[in-house]
Amino acid sequence: MFHVASEAEIKGGQVTDVYFARTVQVLKEKDIAKRVAMEVVAHRLSDDYTWAVLAGVEEVAALFEGQPVDVDSLPEGTFFYPDEPVLVIEGQYDDFAVYETPLLGLLCQASGIATKAARCKKLAGQRSVISFGARRMHPAISPMIERNAFLGGCDGVAVIKSAELIGQAPVGTMPHALILIMGDTVSATRAFDEVIPRQVKRVSLVDTLGDERFEALKVAQALGKNLFGVRLDTPISRRGDFLKLLEEVRWELDLKGFKDVQIFVSGGIDEEQIARLNPVANAYGVGTAISNAEVVDLSLDIIEIEGEPFAKRGKQSGRKQVWHCPSCGARKTTLAKQTPEMCSCGGQFKDLLRPLLRNGKLVAKLPKVQKIREHVSGQLAEVEL
Ligand code: PCP
């Protein structure tokens with residue numbers, strides 16, 4: 001029905017670029033079986049990003065479970081920098097060659113989404129950032145998109161299936177359709193308040209039929225204490241200076257005693273908008289900017305053959321380790337068998353690349369997505385954008 005690969009097809013190595021399958025054919029035909037080590041690295045990050053968030057590791061573990069390979073990885077949610085190996089895989093090349101395509105697909109997209117979510121959350125600070133972008137992408141991957149938006153920093157996700165995957169309640173306000181069908185904002189908001197379970201915050205959409213300022217006052221007067229907030233998704237043709245519009249709505253709500261009513265904005269929200277609207281906005285619905293985030297340009301390359309360092313031009317050969325100083329945040333990449341001296345700050349470097357699978361058996365305890373989100377948020381507090 002849908003043009004997507006099944007889990008069995010992905011695990012079965014069918015989602016691969018044909019030249020990998022042909023390479024395996026050649027090696028088998030020529031009876032060449034080489035044990036190699038390969039590493040996943042981003043040699044550059046998009047735009048002016050200095051760091052990225054590694055995501056997709058849980059799915060990579062699922063991809064290689066049962067395969068005769070050893071995999072080491074940075075823990076999911078770990079921040080990484082250009083030229084740092086984030087994952088290393090070792091085995092007989094023709095045993096896992098076809099998995100390069102899904103491996104990179106799982107890491108590149110998930111890390112792009114998690115990184116963008118983290119950047120948006122860094123800018124929004126305590127203000128909520130809700131993932132609203134599933135409708136911009138193929139529904140088969142909505143849970144993946146929103147899981148990584150959540151671990152990257154989003155405070156909630158909109159899609160029911162995604163929320164189930166991360167063990168959270170889905171977050172949503174109301175669509176324009178409800179107001180159009182009910183005929184006006186107050187009747188729609190009242191109906192929502194009468195029908196929807198109490199624990200769901202009442203956020204009324206106030207840009208459908210009339211001026212946001214007057215619509216916001218009407219629903220505030222209609223619902224009183226039951227109204228948690230108003231959402232402005234003002235059409236571009238009417239948006240003008242959106243900050244000025246938000247300030248006006250805030251002013252009138254406060255003037256009429258509705259100081260607690262929160263202002264939620266959505267529609268074309270990205271980092272720049274968040275930085276600009278923060279003085280008034282209390283929460284953001286971010287769609288395309290996160291769900292369609294630029295992928296992280298990760299590549300997988302051979303660094304050792306039969307234990308001997310060997311790599312293509314432009315690539316440093318040999319197995320490496322990534323070190324982090326918990327005291328000052330300094331990073332170091334060394335050959336795997338080397339241990340760095342003490343950090344110049346006096347701190348002790350800690351190794352970050354850890355065993356994930358041994359001969360296809362999971363040897364790492366995979367953290368819950370909430371734990372990964374906390375790991376991200378801890379690092380986010382230590383870095384600048
Ligand atoms: C959209 C809907 C999405 C938001 C905007 C994402 O509003 O609420 O979640 O937008 P973005 O991709 O630009 O960030 P409408 O399509 O106007 O929708 P609705 O009436 O469904 O709220």
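Numerical summary
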{"quantity": "Scan of the range 298-335 for residues that are closer than 26 Å to VAL383 by Cβ and open to solvent by 50 Å² or more (accessible area, probe 1.4 Å), ordered by number", "calculated": "GLN316, HIS324, PRO326, SER327, CYS328, ARG331, LYS332, THR333"}
{"quantity": "Search result, residues across the range 130-162 that are surrounded by fewer than 20 Cβ atoms within 10 Å (Cβ to Cβ), within 15 Å of the ligand (Cβ to nearest atom) and either modelled with pLDDT under 95 or not in a loop (DSSP other than H, G, I, E, B) (or both)", "calculated": "ARG135, ARG136, PRO139, ILE160"}
{"quantity": "Of the criteria (1) surrounded by 15 or more Cβ atoms within 10 Å (Cβ to Cβ); (2) in contact (Cβ under 8 Å) with a residue 60 or more places away in the chain; (3) among the aromatic types (Phe, Trp, Tyr), which one PHE2 fails", "calculated": "(1)"}
{"quantity": "From the options GLY172, GLY167, GLY224, residue that is under 21 Å from ARG136 (Cα atoms) and either of a type outside the set (Phe, Trp, Tyr) or within 16 Å of the ligand (Cβ to nearest atom) (or both)", "calculated": "GLY172"}
{"quantity": "Hits in the range 113-129 - residues which are in contact with a strand residue (DSSP E or B) (Cβ under 8 Å, 6 or more places away or on another chain) and within 16 Å of the ligand (Cβ to nearest atom)", "calculated": "ALA117, CYS120, LYS121, ALA124, ARG127, SER128, VAL129"}
{"quantity": "Enumeration of residues in the range 210-225 that are open to solvent by less than 70 Å² (accessible area, probe 1.4 Å) and in a helix (DSSP H, G or I)", "calculated": "GLU212, ARG213, GLU215, ALA216, LEU217, VAL219, ALA220, ALA222, LEU223, GLY224"}
{"quantity": "Test: GLN370 is open to solvent by 70 Å² or more (accessible area, probe 1.4 Å) and not in a strand (DSSP E or B)", "calculated": "no"}
{"quantity": "Answer residue from the range 14-36, given it is open to solvent by 80 Å² or more (accessible area, probe 1.4 Å) and assigned to a loop (DSSP other than H, G, I, E, B) and is farthest from ILE302 (Cα to Cα) among those", "calculated": "GLN14"}
{"quantity": "Qualifying residues in the range 142-171 (those that are among the β-branched types (Val, Ile, Thr) and touching a residue at least 12 places away in the same chain (Cβ under 8 Å)) - the one farthest from SER6 (Cα to Cα)", "calculated": "VAL171"}
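Okay, residues lined up against (1) open to solvent by 10 Å² or more (accessible area, probe 1.4 Å); (2) under 19 Å from GLN321 (Cβ atoms):
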residue: GLN67; (1), (2): yes, no
residue: VAL71; (1), (2): no, yes
residue: PHE80; (1), (2): no, yes
residue: PRO85; (1), (2): no, yes
residue: TYR93; (1), (2): yes, no
residue: PHE96; (1), (2): no, no
residue: TYR99; (1), (2): yes, no
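The values are calculated or read from the model by the stated rules, or taken from the named source; none is laboratory data. All figures in this text were calculated on a predicted structure; none of them were measured in a lab. Please note: Cβ atoms are built from the backbone with ideal geometry, for glycine as well, and neighbour counts cover all protein chains shown. The area values use the complete protein model at the heavy-atom level, side chains included, leaving out ligands, DNA and RNA. Shrake-Rupley method; radii C 1.70, N 1.55, O 1.52, S 1.80 Å.
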